[in-house]
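The values are calculated or read from the model by the stated rules, or taken from the named source; none is laboratory data. All values derive from a computational prediction rather than experimental measurement. Note: ideal-geometry Cβ built from the backbone for every residue, glycine included; neighbour counts use all protein chains shown. To get the accessible areas, we keep the full protein, side chains included, count just its heavy atoms, and leave off ligands, DNA and RNA. Shrake-Rupley method; radii C 1.70, N 1.55, O 1.52, S 1.80 Å.
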Amino acid sequence: MKSRFCLPLLLITLSGCTIINNSTSTKKLESGLREHVAFLADDKLEGRRTGTAGEKLAMSYIAQQFQKIGLEPKGTDQYYQSFLVNEGIEMKEGTTLTISKSVSEGTVVTKKLNISKDFFAFPYSANGPVTGTATTGLHEVGLPRLMDINEVLEDNASNPHFDLAGYIYEYSKNAKSKGATSLIWYNPGKKEDKLVFNGKDKSPTIDIPVLYVSNAVLNEMAKEDELGTFSFNGMVQLGEKKRSGANVIGAINNNAATTVVIGAHFDHLGYGEDGNSRYEKKEPAIHNGADDNASGTAALIELSRILKRSTSKTNNYLFIAFSGEELGLYGSKHFTDHPTVELSTVNYMINMDMVGRMNDSTRSVTIGGFGTSPTWASLINKPSATKNQKNLTIKIDSSGSGPSDHTSFYRKNIPVLFYFTGLHTDYHKPSDDADKINYKGMAQIVSHVNGVVKGANEKGRLAFLKTREAQTTTTARFSVSMGIMPDYTYSGNGVRADGVTEGRAAQQAGIKAGDIVLQIGDYRISSMESYMQTLGKFKKGDKTKVVYQRGAEQFTAEIQF
Ligand SMILES: [Zn+2]
């Protein structure tokens, strides 16, 4: 589950006889849940990161379970539906740089530079050769240029909002017209430039190669104060970095007009390589993801077993184990953009993400999406759902959007419910392990979902209602937020708003869902990271301008945080 959301809650308490501690079927259910969580959260699966061998082990396990239960394959390749995760730009192997310098009469030193360590190409650099000589402080037409970053920092020392990365991009964009064949930025000064290769930077590509070379290398070769003239011989080869993931999809075809989708993501963080871990220690560790979301996946498998036995045929069922959720809802977005059943026949969607840590004393579960259909109110407390549910406390949240896969279905105007037993201290840490899972609580949730589905089977097609957007909380790092739900799967320049929260800064500036934020104040927004960094530069009450794109048109508006 992605962080950054809070859920305003309403409490409902239920009482009645218990099913948990006596029926054999519940015992069987609990042991099935335990078995699935034990397998999925095992170190062998190395945290089930999308695109890894661990993900594939999980995929085949889930497909085997679906097959055993008798679900029909409903992916694009049997049970699987693969998709690509665009990870931005990477420097391909062909990227090289060799520098030569004549140090004394007839003596030339030559050094082949290490990629990333000694140099990198900016992600918006053109691909192509970097050849010719360049002299510090001298800009000649038809040759590469050495660009002194320290000078730029000095010139802009008085501007607290100075955006060095933005400056370098803007300058580089026009350098060809000034006669440069390539640019080599270096920093001879003491001031830090914090420039690194950022593959997520999606600024439009420019027309000449642009590189950064570490000053240490130039100094070492120069062995004098004055750096002087260097000959460059290299090649820039950038390309898209992609990895693939796959959803696992099984179906029960009752030849009904409508289909119910039940979903849960099975991917998790691996060793935390994607920057979404809350683990601070240095040595890499497996994030087992027992609660997030082996628990929901286990519940999904057991629900398919229960519904396979169900006599009610008023709906077909689709069980989807999503991947790519931790990267930004990639799997569910891919499915709703490339559905393997007519999306218009989907009656509603129920998502389970982190249902394994029910608190034993409060016995509470949060159900989100409550406001997405007028029918939910009658179903969630319906006896078919609450029967045999001792002391289950249900907290509801009306919003159809939030930090998990139901949001992709809600965006397609499909009523959704989202089951969640709450955050805990092991969230997104290696310590989210199977021995902390509350299997009795999970069994209660499976029965509740089963009850809601049963009740809904008598209701025909559920009506859809739009709700307010889930509140995006300002995380500790930022004192302000714009109130947009970023589209994490968007791979173009800027940040695309998937949703805009009522009454927040972005909405008041006129930004709508689908718009792309390109600039805030003087800061160009080229990626999710630069958007986050830029937010960190403003404080509550600050007024500035925002530039955003809608279709082919660009708008500039005032925004107040
Ligand atoms: Zn999750």
(request) In whole Hz, with x marking every Gly and Pro, tabulate ³J(HN,Hα) for region 108-124 from phi via Karplus 6.51 cos²θ - 1.76 cosθ + 1.60, θ = phi - 60°. (result) 10, 9, 10, 9, 8, 7, 7, 5, 6, 6, 9, 7, 8, 9, 5, x, 9
(message) Using Cα-Cα distances under 8 Å and only pairs 6 or more residues apart, what relative contact order does region 291-380 have, in percent?
(response) 40
(message) Keeping all protein chains in place and using 1.4 angstrom, which order do MET91, MET442 fall into by accessible surface area, from largest down?
(response) MET91, MET442
(message) Over all directions, the average projected area of the alpha-carbon convex hull for region 147-219 comes to how many nm²?
(response) 5.5
(message) Run the helix sum for the chain: -39,500 (n - 2.57) per DSSP H stretch of 4+ residues, divided by residue count, reported at 222 nm to the nearest 500 deg cm²/dmol.
(response) -6500 deg cm²/dmol
(request) Would you mind getting me the FRET efficiency between SER100 and ASP435? Use the beta-carbon distance for r and R0 = 60 Å, nearest 0.05. (result) 0.50
(request) Mind giving me the FRET efficiency for ASN233 and ALA552? R0 is 51 Å, r the Cβ-Cβ distance, nearest 0.05 is fine. (result) 0.80
(request) State the extension gain, in nm to one decimal, for the chain segment bounded by LYS543 and THR133, taking 0.36 nm per residue of separation less the distance between their alpha-carbons. (result) 143.0 nm
(message) Suppose the Debye formula is applied to equal point scatterers at every Cα of the chain; what is log10 I(q)/I(0) at q = 0.05, 0.08, 0.09 Å⁻¹?
(response) -0.26, -0.61, -0.74
(message) I need to check one value: relative contact order of the chain, counting alpha carbon pairs closer than 8 Å and at least 6 residues apart, in percent.
(response) 19
(message) Let's test the formula: R0 of 35 Å, r as the Cβ-Cβ distance of ASN114 and SER60. What FRET efficiency results, to the nearest 0.05?
(response) 0.35
(message) At a 10 angstrom cut-off on C-beta neighbours, averaged per residue, how do the peptides 191-201, 46-56, 495-505 rank from highest to lowest?
(response) 46-56, 495-505, 191-201
(message) If you average the C-alpha positions of region 45-67 and of region 262-276 separately, how far apart do those two centres end up, in angstrom?
(response) 12
(request) When a/c is below 1.5 the answer is rounded, else prolate if a/b is larger than b/c, else oblate, so apply that to region 484-560 with a ≥ b ≥ c taken from the square roots of the Cα gyration tensor eigenvalues. (result) rounded
(message) If I take every Cα pair under 8 Å that is 6 or more residues apart in region 484-560, average their sequence separation and divide by the length, what percent do I get for the relative contact order?
(response) 28
(request) Working from Cα positions, state the angle (0 to 90°, nearest 10) between the long axis of helix 24-40 and the longest principal axis of the chain. (result) 10
(request) Rounding to the nearest 20 debye, state how big the charge dipole of the chain is about its Cα centre with +1 on each Lys and Arg Cβ and -1 on each Asp and Glu Cβ. (result) 2240
(message) Can you give me the angle between helix 439-456 and the longest principal axis of the chain, using Cα atoms only, in degrees from 0 to 90, rounded to the nearest 10?
(response) 70
(message) On C-alpha positions alone, give me the angle between the axis of helix 53-69 and the longest principal axis of the chain, in degrees, nearest 10.
(response) 20
(request) For region 186-202, just list the computed ³J(HN,Hα) in residue order, Karplus coefficients 6.51, -1.76 and 1.60, θ = phi - 60°, integers in Hz, with x standing in for Gly and Pro. (result) 9, 10, x, x, 8, 5, 6, 10, 6, 7, 9, 6, 10, x, 8, 6, 10
(request) Give me the number: length gained by fully extending THR425 to GLN78, i.e. 0.36 nm times residue separation minus the C-alpha to C-alpha distance, one decimal in nm. (result) 121.1 nm
(message) Within the chain, what whole-number % of the accessible surface is contributed by carbon and sulfur, with the 1.4 Å probe and all protein chains included in the calculation?
(response) 50
